[in-house]
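Peer 1: Here it is, the structure, as structure tokens.
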Amino acid sequence: MIDPNVLRNHLEAVVKNLQNRGMTVDVDKMRALEEARKELQVKTQQLQNQRNTYSKTIGQAKAKKEDVADLLKEVEKVTAELTKTEAIFEKALQDQLDYWSTLPNLLHDSVPLGKDENDNVEIRRWGKVPTFTFTPKDHVDLTAASKGIDFEASSRMSGARFVVLRGEIARLHRALAQFMLNLHTVEHHYQEMYVPYLVEAQALYGVGQLPKFKEDLFHTSGVRPLTLISTAEVSLTNLVREQILPLEALPMKVVSHSPCFRSEAGSYGKDTKGMIRQHQFDKVELVQIVHPEQSYAALEELTQHAEKVLQYLELPYRVLALCSGDIGFAAAKTYDIEVWLPSQNKYREISSCSNTESFQARRMQARFRTQANTKPELVHTLNGSGLAVGRTLIAVLENYQDAAGNVRVPHALIPYMGGTTHIKLA
């Protein structure tokens, strides 16, 4: 959530910043909510003072053995009015908070201006795009004969946008996840975590997925409603929810391999073929909790950690700075990493790395102290895919295929594949 002090005292700057996202802020509503809050707060304080004055007077009168019956009636009236006003005040505060919760994060000054993904800015490229003496197949056709990727089997049990992996393809998928975890824990010094896949609403609110993205999530029903995580970012970031960390605990770097569940509510007709857009997929997620002064250096570091996976796998990719019209709700700045897919003859997203600054921390009340007796400050939180396992699998299959329809295993993965150097699919 945006700092309430900024919303109250610098509303024009907020409106201008969010306009760059293509969002129109209801300024009249913002001002009306603030005026209602201020008016009720003043009234509440006046009634509290009045009640305190009566209570003091009653105490003095009792000490003098005076009759306090009338005073007691008056204090009873004030107390009843105060109770009523406090309830209205709490409702006004909640109404204001509910509206503020719909506002996305303020954009960092370095975010390029633009309307949509066409205005994203390429920062760098790595690797050489492969050339083939044959027409490269996509991952669906490549594995059709072996049924290594089987959409027919998954559709019988779960419907569209699910997949069954079998044999060496399933093994390659597992190898990729293990390789990523080992790289990030050993070389990049993240602490590996195993986290819940089902979370309460407050955890999703904390990272900014509720209330805005309710329709994009899978929710359970029953005595205790829970929601399946759309990314391990939800669970990892909430590790510091309602915590005050000592300064020496920062930076905190954690990583987790988990399934992710997304309804893909707004993607009807997009990427209907293959594994690009699924309701269930695996991801290795990176999260950093850092001192505010270090968060933009941390964003560069985290992005490079995600890039390193593709460098070891020798997969060509590019890094984009997302423009103001394409950036996510909670992010102040985001880099997307796109890997080359020969079948599509273009780069496709495989990771997003974002700095949310204090936006998530404020919703979670995640703080730190510089010293024992100092006032707590909000941490900055960052997240990024390191990487999406399914999309990495697709990239390996398509970039490492040969004319016979088989796939060479990238050198970095051979130890995780038990020494297997080629996957026979033809």
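Peer 1: Six or more apart or on different chains, Cβ atoms under 8 Å: show the pairs whose first residue is in region 222-234 and closer than 22 Å to THR381 by Cβ and whose second is of a type in the set (Phe, Trp, Tyr) and in a strand (DSSP E or B).
Peer 2: LEU228/PHE261; ILE229/PHE261; SER230/PHE261
Peer 1: Looking only at region 63-78, count every residue that is in a helix (DSSP H, G or I), at pLDDT 90 or above and either open to solvent by 90 Å² or more (accessible area, probe 1.4 Å) or under 30 Å from LEU7 (Cα atoms) (or both) and tell me the total.
Peer 2: Residues in region 63-78 being in a helix (DSSP H, G or I), at pLDDT 90 or above and either open to solvent by 90 Å² or more (accessible area, probe 1.4 Å) or under 30 Å from LEU7 (Cα atoms) (or both): 3 in total.
Peer 1: Sticking with this structure for a sec: Considering (1) surrounded by fewer than 13 Cβ atoms within 10 Å (Cβ to Cβ); (2) polar (S, T, N, Q); (3) closer than 30 Å to GLN304 by Cβ, say which one GLN94 fails and leave the rest.
Peer 2: With respect to (1) surrounded by fewer than 13 Cβ atoms within 10 Å (Cβ to Cβ); (2) polar (S, T, N, Q); (3) closer than 30 Å to GLN304 by Cβ, GLN94 is out only on (3).
Peer 1: Filter region 1-27 down to the residues that are among the aliphatic types (A, V, I, L, M) and closer than 20 Å to GLY325 by Cβ, then identify the one that is surrounded by the fewest Cβ atoms within 10 Å (Cβ to Cβ). Give the steps one after another, and end with the answer.
Peer 2: Here is the first cut: in region 1-27, the residues among the aliphatic types (A, V, I, L, M) are 1-2, 6-7, 11, 13-15, 18, 23, 25, 27.
Pick out the ones that are also closer than 20 Å to GLY325 by Cβ and you get 2, 13-15, 18, 23, 25.
Values: ILE2: 20, ALA13: 11, VAL14: 20, VAL15: 15, LEU18: 19, MET23: 14, VAL25: 18.
Checking each candidate, the answer is ALA13.
Listed here are the residues, each with its yes/no results for (1) among the acidic types (Asp, Glu); (2) within 15 Å of the chain's Cα centre (by Cα).
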site: LYS212; (1), (2): no, yes
site: GLU215; (1), (2): yes, no
site: SER221; (1), (2): no, no
site: GLU233; (1), (2): yes, yes
site: LEU247; (1), (2): no, no
site: VAL255; (1), (2): no, yes
site: CYS260; (1), (2): no, yes
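Residue-wise test of (1) polar (S, T, N, Q); (2) closer than 25 Å to TYR205 by Cβ.
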site	(1), (2)
VAL14	no, yes
THR24	yes, yes
THR83	yes, no
TYR99	no, yes
LEU103	no, yes
LEU113	no, no
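Peer 1: Is at least one residue of region 327-340 in contact with a His (Cβ under 9 Å, 6 or more places away or on another chain) and of a type outside the set (A, V, I, L, M)?
Peer 2: yes
Peer 1: Let me ask you something else. I want to confirm something. Restricting to region 28-39 and keeping residues that are of a type in the set (Lys, Arg) and open to solvent by 40 Å² or more (accessible area, probe 1.4 Å), which single residue is farthest from HIS108 (Cα to Cα)? Give the steps one after another, and end with the answer.
Peer 2: In the first step, residues of region 28-39 are kept if they are of a type in the set (Lys, Arg); the result is 29, 31, 37-38.
Remaining after also requiring open to solvent by 40 Å² or more (accessible area, probe 1.4 Å): 29, 31, 38.
Details: LYS29: 25, ARG31: 25, LYS38: 30 Å.
Ranking the qualifying residues of region 28-39, first place goes to LYS38.
Peer 1: Right, another one. More than 23 Å from the chain's Cα centre (by Cα), charged (D, E, K, R), exposed (fewer than 15 other Cβ atoms within 10 Å of the Cβ) and part of a helix (DSSP H, G or I), is that true of ARG124?
Peer 2: On the way: more than 23 Å from the chain's Cα centre (by Cα): yes; charged (D, E, K, R): yes; exposed (fewer than 15 other Cβ atoms within 10 Å of the Cβ): yes; part of a helix (DSSP H, G or I): no.
Criteria not met by ARG124.
Peer 1: Limited to region 189-227, what total is found for residues that are in a loop (DSSP other than H, G, I, E, B), open to solvent by less than 30 Å² (accessible area, probe 1.4 Å) and under 18 Å from VAL255 (Cβ atoms)?
Peer 2: 2
Peer 1: Quick one: in region 228-250, which of the residues that are open to solvent by 30 Å² or more (accessible area, probe 1.4 Å) and of a type in the set (Asp, Glu) is farthest from GLU200 (Cα to Cα)? Write out each step before concluding.
Peer 2: Applying the first criterion (open to solvent by 30 Å² or more (accessible area, probe 1.4 Å)) to region 228-250 yields 228, 239, 241-244, 246-249.
Now narrow it down to the ones that are of a type in the set (Asp, Glu): 242, 248.
Numbers: GLU242: 15, GLU248: 29 Å.
Among those residues, the one meeting the criterion is GLU248.
Peer 1: Pick out the one residue from ARG277, ARG318 that is part of a loop (DSSP other than H, G, I, E, B) and over 15 Å from the mean Cα position of the chain (by Cα). Write out each step before concluding.
Peer 2: On the way: ARG318 fails: part of a loop (DSSP other than H, G, I, E, B).
From the options ARG277, ARG318, the qualifying one is ARG277.
Peer 1: Could you tell me whether any residue of region 40-51 is open to solvent by less than 90 Å² (accessible area, probe 1.4 Å) and within 30 Å of ALA203 (Cα to Cα)?
Peer 2: Yes, because at least one residue in region 40-51 is open to solvent by less than 90 Å² (accessible area, probe 1.4 Å) and within 30 Å of ALA203 (Cα to Cα).
Peer 1: Test PRO136 against the criterion of being surrounded by 18 or more Cβ atoms within 10 Å (Cβ to Cβ), closer than 27 Å to LYS273 by Cα and more than 23 Å from the chain's Cα centre (by Cα), and give yes or no.
Peer 2: Working: surrounded by 18 or more Cβ atoms within 10 Å (Cβ to Cβ): yes; closer than 27 Å to LYS273 by Cα: yes; more than 23 Å from the chain's Cα centre (by Cα): yes.
Answer is yes for this residue.
Peer 1: Which ones in region 147-187 are touching a Leu at 6+ places or on another chain (Cβ under 9 Å), outside any helix (DSSP H, G or I) and either under 21 Å from CYS260 (Cβ atoms) or modelled with pLDDT under 95 (or both)?
Peer 2: Across region 147-187, the qualifying residues are ILE149, ASP150, LEU165.
Peer 1: Name the strands (runs of 3 or more DSSP E) wholly inside region 333-426 in which the number of residues that are closer than 30 Å to LEU107 by Cβ, basic (Lys, Arg) and open to solvent by 10 Å² or more (accessible area, probe 1.4 Å) is 1 or more. Write out each step before concluding.
Peer 2: Working: elements: 333-341, 346-355, 367-369, 380-388.
Per the criteria, 333-341, 346-355, 367-369.
The values are calculated or read from the model by the stated rules, or taken from the named source; none is laboratory data. These figures come from a predicted structure and were not determined experimentally. Note that we place each Cβ from the backbone using ideal geometry, even for glycine, and neighbour counts take in every protein chain shown. Accessible surface is based on the protein model in full, side chains and every heavy atom, while ligands, DNA and RNA are left aside. Shrake-Rupley method; radii C 1.70, N 1.55, O 1.52, S 1.80 Å.
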